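Take a look at the structure set out below.
The values are calculated or read from the model by the stated rules, or taken from the named source; none is laboratory data. Note that the coordinates shown come from a computational prediction; the quantities given were computed from them, not determined experimentally. Please note: Cβ atoms are built from the backbone with ideal geometry, for glycine as well, and neighbour counts cover all protein chains shown. Ligands, DNA and RNA are stripped out before the accessible areas are found, and what is left, the full protein with its side chains, is counted by its heavy atoms. Shrake-Rupley method; radii C 1.70, N 1.55, O 1.52, S 1.80 Å.
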Amino acid sequence: MAKKKIDPKGGNTEALFSISLLKALTLHLICGLGLLSAFWVPNHIYSLHLINHPSQTLRLISVFLAPVLILLYSHLRLDRNKCSYVKAVGRGLLALPAGAVVNALGATILGAPVGFEYVTVYFPKTLHWSLLMSLLTFVPAACVFGSSWSDWHRIFARTKANEFTDYMISLPAHGAVIGAWFGAWPMPLDWESPWQEWPICVTYGAIAGYLVGLVASLGCIFFRNRQQHLKEQ
């Protein structure tokens with residue numbers, strides 16, 4: 001179903017694909033199961049664990065998760081009249097490295113390890129963690145909104161969701177970032193546990209925050225859908 005999205009401030013007015021509550025639930029369920037499966041495969045098939053082999057594990061998670069998120073969110077592209085499904089997939093692929101650069105810079109500014117061992121030890125970990133964070137934050141928005149700055153600013157800077165799709169993108173993305181921030185708290189503590197190393201605890205926090213964001217977005221969609229039905233009655 002398509003309907004017009006009118007932005008009084010001059011935003012995008014292309015036909016917007018409006019999804020049902022059932023479709024939102026199905027998409028989130030696939031995303032959640034895809035993420036859990038991406039964690040399961042390295043552990044049970046390749047005998048890789050995030051604690052012992054963070055770089056290799058994160059790389060495999062991104063490889064398995066990327067097609068799931070890009071193919072799914074490309075179906076929700078905003079400008080369906082001008083943007084084909086293939087073009088939306090291409091936007092997601094281009095956003096993956098671009099978002100990784102932004103996440104890597106942000107992590108470095110906020111205290112990610114740097115130093116003489118950075119190139120050989122920390123750079124691979126930061127690279128693959130940044131690719132995973134890009135998948136959870138930048139890629140879905142790029143598939144749906146493309147380069148529409150007004151939409152990016154609205155859901156990320158102003159956190160103003162107008163449609164169901166906005167909740168599906170903004171809340172999991174914010175959850176991943178907030179979860180990663182909380183996950184970094186144990187790193188400086190002198191517990192001497194292997195899971196405190198960069199970026200292990202940060203990854204666990206990001207994944208937990210992303211899953212919480214998925215559930216929260218479904219709750220918001222359900223509440224918004226119920227409000228609409230009550231207004232119609």
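Tabulated data
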{"read-out": "Residue tally, condition without any contact (Cβ under 8 Å) to a residue 24 or more places away in the chain and under 30 Å from R77 (Cβ atoms), over the stretch 97-138", "value": "2"}
{"read-out": "Pair list, Cβ under 6 Å, 6 or more apart: the stretch 139-167 residue charged (D, E, K, R), other residue open to solvent by 30 Å² or more (accessible area, probe 1.4 Å) and modelled with pLDDT of 90 or more", "value": "none"}
{"read-out": "Residue, modelled with the highest pLDDT, within the stretch 151-164, restricted to residues that are open to solvent by 30 Å² or more (accessible area, probe 1.4 Å) and within 21 Å of V177 (Cα to Cα)", "value": "W152"}
{"read-out": "Selection from the stretch 80-93 of residues that are assigned to a loop (DSSP other than H, G, I, E, B) and either touching a Ser or Thr at 6+ places or on another chain (Cβ under 8 Å) or among the small types (G, A, S) (or both)", "value": "S84"}
{"read-out": "Selection from the stretch 71-90 of residues that are under 13 Å from F145 (Cα atoms) and open to solvent by less than 40 Å² (accessible area, probe 1.4 Å)", "value": "Y73, S74, L76, R77, L78, D79, C83, A88, V89, G90"}
